[in-house]
Amino acid sequence: MAKSKNNAKKLSYISVPSQIINSISSSSLQSLVHSPIKSSTTTFFTRKSSFWWFLTLFLVAFLGMFNFAFKTDTPFPHKPCSTTHQKLSVSNHHSKSKLGISSVLLKKERKGLKNDHKDEFFVSHVELGARGSSGIEKKSEFWKKPNGLGYKPCLSFSSDYRRQSERILKERRKYLMVVVSGGLNQQRNQIVDAVVIARILGASLIVPILQVNVIWGDESEFGDIFDLEHFKKVVGNDVRVVSALPSTHLMTRLMERRLPFHATPSWIRSRYLRRLSREGVLLLRGLDSRLSKDLPSDLQKLRCKVAFNALRFAEPIEKVGNKIAERMKSKGPYLALHLRMEKDVWVRTGCLPGLSPEYDEIVNNERIQRPELLTARSNMSYLQRKMAGFCPLNAMEVTRLLKALGAPKDAKIYWAGGKPLGGRAALLPLIQEFPNFYNKEDLAFPAELQPFVKKASLMAAIDYIVSEKSDVFMPSHGGNMGHAIQGYRAFSGHKKFITPNKRHMLPYFLNSSLSEEEFNRIIKELHRDSLGQPVHRTNKGGRDVTKYPVPECMCNHSHSQS
């Protein structure tokens, strides 16, 4: 029987994933697609040759899948910094030469559909910042770490302190409850002080209650932000921490109090200890900056122990933060920049963003409508505040400062902080001068950030981790995060931390007669001792040991103890 013509011309198709297609060179594809068809006497599709052809295709597909599965390149976007202006040449996704980025997009991504786990794309090649054409990292004085003078963490407690610990840890009658407020780093400060106050009173500490943030509406609890079990373990030899008030004290009348500013251990004992022993439970609110900064040596060490060792972020936050830091680090050193350019910052500080009269009017109107938000001195004009160094630096000022301090144009910058007032336009000077400019939204897959997007404290914690792990850190304004990271970087070996000398440098910013060379020389000289070198807390009274851990929490290597 003669064979059907249709059967004689049946074609077979093999479905190959797009990732594999992209991993095959163009010449290989052409050889597969354009192979010449031979006559039936010498046809290519003999059983023997067909077997080898399919075996070759199988091996190519297998190698492509293997390469894709173990790909370690990172999701740097086409456009560094999602807030960059679309018209900027540095953020144009057609410009490969500046960023050296070529990415492999899945079909759905090309069609503009929303990403899910299958639609996420991987960057096949990233060449970012601080690398020459030879691939060898350029050397720059800007990345040089300051001299730590041999200081190491030193948290050994006195024998008297350790002896008291045995009695305090057996205590079951006195309990301290604290309600902490504010943003992430305000909460951190208050938790540190809560542990110290519990130690002063010899009371058990109930896991601190986090008040819902009135600005961001974040309802996160302690365990959502911090590793609770780690916290209990680290302070376990200093203070007993319990998750809830025991049933024996549920009917106890709460004694609620507020601390005055600069409360000393002796004041706390004299006011609270006797009644706490009688009532059993003390509730404290509003701890922010209330406890004295000048405490006995053992209590200063305890503050460092809590701030630098006990308050570790919860595992999901640590995982994402570390991933983003690794992605920034993958192609060389990077600078973390904490920008304080949000609308509420301009309102609270009594300063103006300097973008346009329109935005100045927005800030002034907000300040008139809500005068309680102004935390700066109300008897000073904006210009007086600015020249006194009380205002955040704007993007232009940050750019000029970094250039003067020798930051290379190809430096990778991770910027932490909330959305700036003015959006993209507020960041243009920085992006134009330093095109390798990223935040967490640029460096993480959507699915990685999804659990945290409506949690301001958790997003701030990710910024904290990436900033702490940077080679250089600089805040555009003082504040709790800058202070916390300054202390942590000192405790970690005096990693470079640039403290902008705003009060002294701003007059030179306004002096147009200075040449660029002279301006740079002056700015470098002003910051010669503001690069993260060891600074003794005792040189100035009232300094926080968690910002200046030398000498109470760090000592020279010859005397350091772990």
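The values are calculated or read from the model by the stated rules, or taken from the named source; none is laboratory data. These figures come from a predicted structure and were not determined experimentally. Note that each Cβ is placed from the backbone with ideal geometry, even for glycine, and that neighbours are counted across all protein chains shown. Please note that ligands, DNA and RNA were not included when accessible areas were found on the heavy atoms of the full protein model with its side chains. Shrake-Rupley method; radii C 1.70, N 1.55, O 1.52, S 1.80 Å.
Once phi is turned into ³J(HN,Hα) by the Karplus curve 6.51 cos²θ - 1.76 cosθ + 1.60 with θ = phi - 60°, what whole-Hz value does each residue of region 352-359 show in order, with x for glycine and proline?
With coefficients 6.51, -1.76 and 1.60, one gets 10, x, x, 8, 6, x, 4, 6 Hz.
Suppose each label sits 7 Å from its Cα in the direction of the beta carbon; what would the residue 152-residue 530 distance come out to in nanometres?
3.3
Stretch residue 221-residue 262 to full length: gain in nm at 0.36 nm per residue minus the Cα-Cα span?
12.0 nm
Structure shown: which of 331/502; 152/547; 152/524; 232/540 lie over 21 Å apart, alpha-carbon to alpha-carbon?
On the way: 331/502 32 Å; 152/547 15 Å; 152/524 28 Å; 232/540 33 Å.
The pairs that break the limit, which is 21 Å between Cα atoms, are 331/502; 152/524; 232/540.
Using alpha carbon centroids, what distance separates region 166-193 and region 406-485, in Å?
30
On the full set of protein chains, 1.4 Å probe, figure out the accessible area of residue 340 and give it in Å² to the nearest 10.
40
Between rounded, prolate and oblate, where does region 484-562 land on the alpha carbon gyration tensor, with a ≥ b ≥ c its root eigenvalues, rounded for a/c under 1.5, else prolate if a/b exceeds b/c?
Numbers: a/c = 3.35, a/b = 2.49, b/c = 1.35.
Note, shape of region 484-562 comes out prolate.
For region 284-339 and region 490-522, what is the centre-to-centre distance using only Cα atoms, to the nearest Å?
That distance is 26 Å.
Report ³J(HN,Hα) in whole Hz for each residue of region 230-238, in order, from the Karplus equation J = 6.51 cos²θ - 1.76 cosθ + 1.60 where θ = phi - 60°; Gly and Pro get x.
5, 4, 4, 5, 5, 8, x, 8, 10
How many nm is it between the label spots at residue 253 and residue 356, if each spot is 7 Å from the Cα in line with the beta carbon?
Distance between label points: 6.2 nm.
Estimate the FRET efficiency between residue 172 and residue 233 by the formula 1/(1 + (r/R0)^6), using the beta-carbon distance for r and 22 Å for R0, to the nearest 0.05. Please list the in-between numbers first.
Working: r = 20 Å, r/R0 = 0.90.
Efficiency, from the Cβ-Cβ distance: 0.65.
Residue 297: accessible area at probe 1.4 Å, nearest 10 Å²?
Roughly 60 Å² of residue 297 is accessible to a 1.4 Å probe.
Scan around residue 281 for amide H atoms under 5 Å from its own, H built in the peptide plane at 1.01 Å from N, and keep only partners 5 or more places away or cross-chain.
Under 5 Å from the amide H of residue 281 lie the amide H atoms of 175, 255, each far enough along the sequence or on another chain.
Classify region 173-317 as rounded, prolate or oblate, taking a ≥ b ≥ c as the square roots of the eigenvalues of its Cα gyration tensor: rounded when a/c is under 1.5, otherwise prolate if a/b is larger than b/c and oblate if not. Please list the in-between numbers first.
Details: a/c = 1.38, a/b = 1.23, b/c = 1.12.
Rounded, since a/c falls under 1.5.
In what order, largest first, do 338, 262 sit by accessible area if the probe radius is 1.4 Å? Could the numbers behind the result be given before it?
Numbers: 338 15, 262 135 Å².
Reading off the accessible areas and sorting them downward yields 262, 338.
Could you count how many Lys pairs in region 337-445 have their Cα atoms under 24 Å apart, skipping same-chain pairs fewer than 8 positions apart?
Pairs that pass both the separation and distance tests number 12.
Only loop residues by DSSP count here, and only those with at most 15 other Cβ atoms within 10 Å; note down the chymotrypsin sites (Phe, Trp or Tyr not before Pro) in region 462-541 that meet that.
Answer in residue order: no site qualifies.
Of all accessible surface on region 221-347 at a 1.4 Å probe, what whole percent is carbon and sulfur?
49
Using the Cα gyration tensor of region 497-540, with a ≥ b ≥ c the square roots of its eigenvalues, what is the shape: rounded (a/c below 1.5), prolate (a/b larger than b/c) or oblate (neither)?
The shape class here is prolate.
Compare 546, 499, 375 by solvent-accessible area with a 1.4 Å probe and give them largest first, with all protein chains kept in place.
I get 375, 499, 546, largest accessible area first.
Solvent-accessible area per residue for region 263-353 at a 1.4 Å probe radius, Å²?
Ligands and nucleic acids excluded, the result is 36 Å² per residue.
Given H placed on each backbone N at 1.01 Å, which residues far from residue 555 in sequence or on other chains put an amide H within less than 5 Å of it?
152, 154
Give, in nm to one decimal, the length gained when the segment between residue 365 and residue 380 is fully stretched (0.36 nm per residue of separation minus the Cα-Cα distance).
3.7 nm
Please go through region 185-273 and write out the GluC sites (Glu not before Pro) that DSSP classes as loop and that have at most 15 other C-beta atoms within 10 Å.
Values: sites: 219, 221, 229, 256; in loops: 219, 221.
Qualifying residues, ordered by number: 219, 221.
Just reorder 349, 264, 248 by solvent-accessible area, largest first, 1.4 Å probe, all chains present. Before the final figure, lay out the partial values.
Details: 349 15, 264 50, 248 110 Å².
If we order 349, 264, 248 from most to least accessible, we get 248, 264, 349.
Based on the mean of other beta carbon atoms within 10 Å per residue, what is the order of 278-288, 361-371, most packed first?
Most protected by this proxy first, the peptides run 278-288, 361-371.
Which parts of region 212-255 would a label at residue 278 reach, counting a residue when its backbone N lies under 18 Å from a point 7 Å out along Cα-to-Cβ?
Under 18 Å, as judged by backbone N against the label point of residue 278, lie 252-255 of region 212-255.
Under 5 Å between amide hydrogens, which residues at least 5 positions from residue 530 or on another chain qualify, with H placed 1.01 Å from N in the peptide plane?
none
Projected area of region 427-562, taken from the Cα convex hull and averaged over every viewing direction, in nm²? If you can, show how the numbers build up before the last one.
On the way: hull surface 47.4 nm².
Reported value for the Cα convex hull: 11.9 nm².
If I ignore ligands, DNA and RNA and count only protein heavy atoms, how much of residue 275 is accessible to a 1.4 Å probe, in Å² to the nearest 10?
Surface open to solvent at residue 275 totals about 80 Å².
Could you tell me the calculated FRET efficiency between residue 270 and residue 159, based on Cβ-Cβ distance and R0 = 30 angstrom, to the nearest 0.05? Provide the component values of the computation, followed by the final result.
Values: r = 26 Å, r/R0 = 0.86.
Efficiency computed from Cβ-Cβ geometry: 0.70.
Sequence neighbours fewer than 8 away in the same chain don't count; with that in mind, list the aspartates and glutamates whose C-alpha is under 19 Å from residue 495.
141, 326, 463, 468, 471, 529, 544, 552
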